[in-house]
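These notes concern the structure reproduced below.
The values are calculated or read from the model by the stated rules, or taken from the named source; none is laboratory data. Just so it is clear, the model here is predicted, and its values are computed rather than measured. FYI the Cβ positions are ideal-geometry reconstructions off the backbone, even for glycines, and counts take in every protein chain you see.
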Amino acid sequence: MMYDNKNSIKKQAKGNVTYGSDIVLSVINLATKEIAGVSSIVTKFGSALKRWFSNNYYDGVKITYNKDAMNIDVYINVYFGYNVTEVAFRVQENIKNSLSGMIDVKINRINVHVLGVDIPKDELV
């Protein structure tokens with residue numbers, strides 16, 4: 001690393017930095033759960049098998065890689081009373097910001113699939 005006259009750091013890469021797919025999947029999972037209105041990340045029976053046999057699947061999150069960018073699919077349920085479109089948009093933005101802030105990756109597309117609506121337990125009669 002070198003410093004210029006303004007005391008900022010200039011990066012000089014000599015080698016490669018690699019990230020395990022579990023790190024990227026974990027960041028996506030946490031970023032999704034942070035959003036108000038997200039009830040759960042949808043997991044299906046087959047997700048356990050997919051996780052064992054695929055490095056790009058993590059309980060309701062799927063990543064596919066293109067030449068230089070990734071496509072992300074997230075499957076969620078939302079709480080009743082929340083605007084589904086707004087929750088999905090906030091999930092997209094939070095995933096994008098979290099990945100950009102932690103890991104320098106190029107994202108082609110973030111697809112949020114809302115599969116159901118849940119009623120909060122405190123509202124059940």
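Quick one: in segment 1-30, of everything that is hydrophobic (A, V, I, L, M, F, W, C) and modelled with pLDDT of 75 or more, which residue is surrounded by the most Cβ atoms within 10 Å (Cβ to Cβ)? Quick ask: steps written out before the conclusion?
Initially, segment 1-30 is screened for residues hydrophobic (A, V, I, L, M, F, W, C), giving 1-2, 9, 13, 17, 23-25, 27-28, 30.
Still in the list and also modelled with pLDDT of 75 or more: 23-25, 27-28, 30.
Working: ILE23: 12, VAL24: 20, LEU25: 20, VAL27: 19, ILE28: 25, LEU30: 12.
Among residues in segment 1-30 that are hydrophobic (A, V, I, L, M, F, W, C) and modelled with pLDDT of 75 or more, the one surrounded by the most Cβ atoms within 10 Å (Cβ to Cβ) is ILE28.
With respect to being on the phi < 0 side of the Ramachandran plot, without any contact (Cβ under 8 Å) to a residue 60 or more places away in the chain and either loosely packed, with under 12 Cβ neighbours inside 10 Å or in contact with a helix residue (DSSP H, G or I) (Cβ under 8 Å, 6 or more places away or on another chain) (or both), VAL87 falls outside the description. Exactly one residue out of ASP104, ASP68, ASP122 is assigned to a helix (DSSP H, G or I) and at pLDDT below 85, and it is ASP122.
Residues of segment 33-59 being modelled with pLDDT of 85 or more and either touching a His at 6+ places or on another chain (Cβ under 9 Å) or more than 17 Å from ASP22 (Cα to Cα) (or both), which ones?
Restricting attention to segment 33-59, the residues satisfying the condition of being modelled with pLDDT of 85 or more are 33-42.
Selection gives GLU34, ILE35, ALA36, GLY37, VAL38, SER39, SER40, VAL42.
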